[in-house]
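What follows is a short report on a single structure.
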Amino acid sequence: MKKIVDHDSKKNVRRNSFLLVLTALIWGIAFVAQSAGGDAVGPYTFNCIRSMIGGIVLLPVIRILDRLHLTKDETPHTQQDKRLLALGGIACGVALAAASNLQQMGLYLGSSAGKAGFLTACYIVIVPVLGLFFHKKCGWNIWAGIAAAVAGLYLLCIDGSFKIQFSDFLLLLCALIFAVHIMLIDYFAVRVDGVRMACIQFIVSGLISAVPMFLVDMKHSMEGILEWMPALTVADAWIPILYAGVLSCGVGYTLQIIGQQGVNPTIASLLMSLESVFSVLAGWVILGE
């Protein structure tokens, strides 16, 4: 019986690891969408709209899963379950809003897609350090893997001299908050319905991003709103927004929540750091970087 349980557990870890690599692929391509979309409509507008789209896309998904009885074990039944789900969604949403807006500003202020991918992926160093506070220790082989990954990502993403500019500092701060986001998901993903929590976090992230969107992109004035609106009437602006909203948010972050279940957060961060590899390849193929 124990062998069967161990086999099932390893099978789930392999499946979830594949989902995290798929997440990295979606996110890596999303760097291109973020770079183009942020330039077209403004960084906070881009994040606000894509987050709201991500939440809206998941509403029919939740309904379908409920009808098929695929989430009956995770569906909240008691008030305590609902409170825990709301807490997880709000906490992850706040972290996601902070990290994604910092990332978007870093791209908007001049960091290339490849450099943004490298600096964001520095969460692979931060996650195991945070994990020590939650008694999630890593063996020497994982630390060696982290060192090799950081060195490899540097060689892959950085061309020429490496100078930290203000936009890069924002991306490093973004990496710290993404590490917190990963730890939050590690805590809540096994306790609540992952798809519902993803939906809540996107709505929360979108609402938070609406504040700087109004203050900065719309210039908190009617004149600013009138200047802001024409950008949303261009079809080219909606291609990156829809990709980031439907795939990067709706699919990618939901796969992250599902994929992190049963996977050590440090290993999960290493797998998701492949987004840097995919971001460089996408920047080269699509943007010619």
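Show me 218-224, 247-253 ranked by packing, highest mean number of other Cβ atoms within 10 Å first.
So the peptides 218-224, 247-253, ranked by packing, come out 247-253, 218-224.
Compute the length gained on full extension between ILE286 and LEU226: take 0.36 nm times their separation in residues and subtract their Cα-Cα distance, giving the result in nm to one decimal.
Values: separation 60, 0.36 × 60 = 21.60 nm, distance 3.15 nm.
Contour length minus the Cα-Cα distance gives 18.4 nm.
For a protection proxy built on the mean count of beta-carbon atoms within 10 angstrom, sort 273-284, 254-265 highest first, please.
Working: 273-284: 22.8, 254-265: 21.3.
Peptide ranking by packing, descending: 273-284, 254-265.
Would you calculate, for the chain, the mean residue ellipticity at 222 nm contributed by helices, counting each DSSP H stretch of 4 or more residues as -39,500 (n - 2.57) and dividing by all residues, to the nearest 500?
When only DSSP H runs of four or more count, the value is -25000 deg cm²/dmol.
Sequence gap of 8 or more, or different chains, plus Cα separation below 26 Å: how many lysine pairs satisfy both in the chain?
So the count of such lysine pairs works out to 16.
Carbon and sulfur atoms: what percent of the 1.4 Å accessible area of the chain do they account for?
Ligands and nucleic acids excluded, carbon and sulfur reach 70 percent.
Normalised by the number of residues in the chain, what is the relative contact order in percent for Cα pairs under 8 Å and 6+ residues apart?
45 percent
Count charges around VAL61 for me, please; just the other residues with Cβ under 13 Å from its Cβ, Lys/Arg as +1, Asp/Glu as -1.
Working: positive: ARG63, ARG67, ARG196; negative: ASP66, ASP193.
Result for the local shell: +1.
What size of dipole, in debye to the nearest 20, comes out for the chain about its Cα centre when the only charges are +1 on Lys and Arg C-beta atoms and -1 on Asp and Glu C-beta atoms?
Numbers: 19 positive and 17 negative charges, 226 e Å.
Value, rounded to 20: 1080 debye.
Between VAL21 and ASP236, what is the spin-label point distance in nm, taking each point 7 Å from the Cα along the Cα→C-beta axis?
3.6 nm
How would you rank 196-204, 25-33, 57-65, highest first, on the average number of other Cβ atoms within 10 Å across their residues?
Values: 196-204: 26.1, 25-33: 23.8, 57-65: 15.0.
Per-residue mean Cβ counts within 10 Å order the peptides as 196-204, 25-33, 57-65.
Where only protein heavy atoms count, and the probe is 1.4 Å, what is the accessible area per residue for the chain in Å²?
Values: 14050 Å² over 289 residues.
Ligands and nucleic acids excluded, the result is 49 Å² per residue.
The values are calculated or read from the model by the stated rules, or taken from the named source; none is laboratory data. Please read all numbers here as calculations on a predicted model, not as lab measurements. Backbone-built Cβ (ideal geometry, glycine too); neighbour counts: all protein chains shown. Heavy atoms of the whole protein, side chains included, go into the accessibility calculation; ligands, DNA and RNA do not. Shrake-Rupley method; radii C 1.70, N 1.55, O 1.52, S 1.80 Å.
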